[in-house]
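Read the figures in this text as sums done on the coordinates, not as results from a lab. Note that the structure is a prediction, hence the values are computed from the model and not measured. No Cβ is skipped: glycine too gets one built from the backbone with ideal geometry, and neighbour counts run over all protein chains shown.
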Amino acid sequence: MLGRVSAKYYLKDESGSNAVEAAFCLPIVLLLIFACFQYGLFFQNASEVNHKFDQVAREVVLLENPSQSEIENLIGSFYPSDSNDVTYNVSMVEKYDQNFADISVNYAYTVALPFDKEYEMKTSYQNLVMLTTEFE
């Protein structure tokens, strides 16, 4: 009889249940906070890359008939080539009887999770800049 009373006592006792719930929920909450922080860093860096290449497009408009190598040198002055996360491509295009520089930029951000593989988030931007302008 004493064994039955003690078993009922322990089955009704709920002390420590909050610790068990926290042990299950805490890793999930921490993972969500980490994911939000990493996405924020990706968004900030991608926005910075987009802003720099918009500045490049503005500078290209000011040049008089620049060549492809001049545009690539201008991009190199705005964004150093030692970073592996940004790749760009410049091509000269003729559309609507005008010359354009098609500047495309790819940005990749790598997230290294502990005890897991690396994940890569990517985005790309494209600017089409008119090179020859004649004012009347």
Heads up, the range 13-130 by the C-alpha gyration tensor (a ≥ b ≥ c square roots of eigenvalues; a/c under 1.5 rounded, else a/b over b/c prolate, else oblate) looks prolate
When a footprinting reagent is the concern and you count Cβ atoms within 10 Å, what order do L31, L74, L62 take, fewest first?
L62, L31, L74
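What order do you get for 42-55, 16-29, 88-101 when each peptide is scored by the mean count of other beta carbon atoms within 10 Å, highest first?
Numbers: 42-55: 15.4, 16-29: 9.1, 88-101: 13.4.
Going by the mean number of other Cβ atoms within 10 Å, highest first, we get 42-55, 88-101, 16-29.
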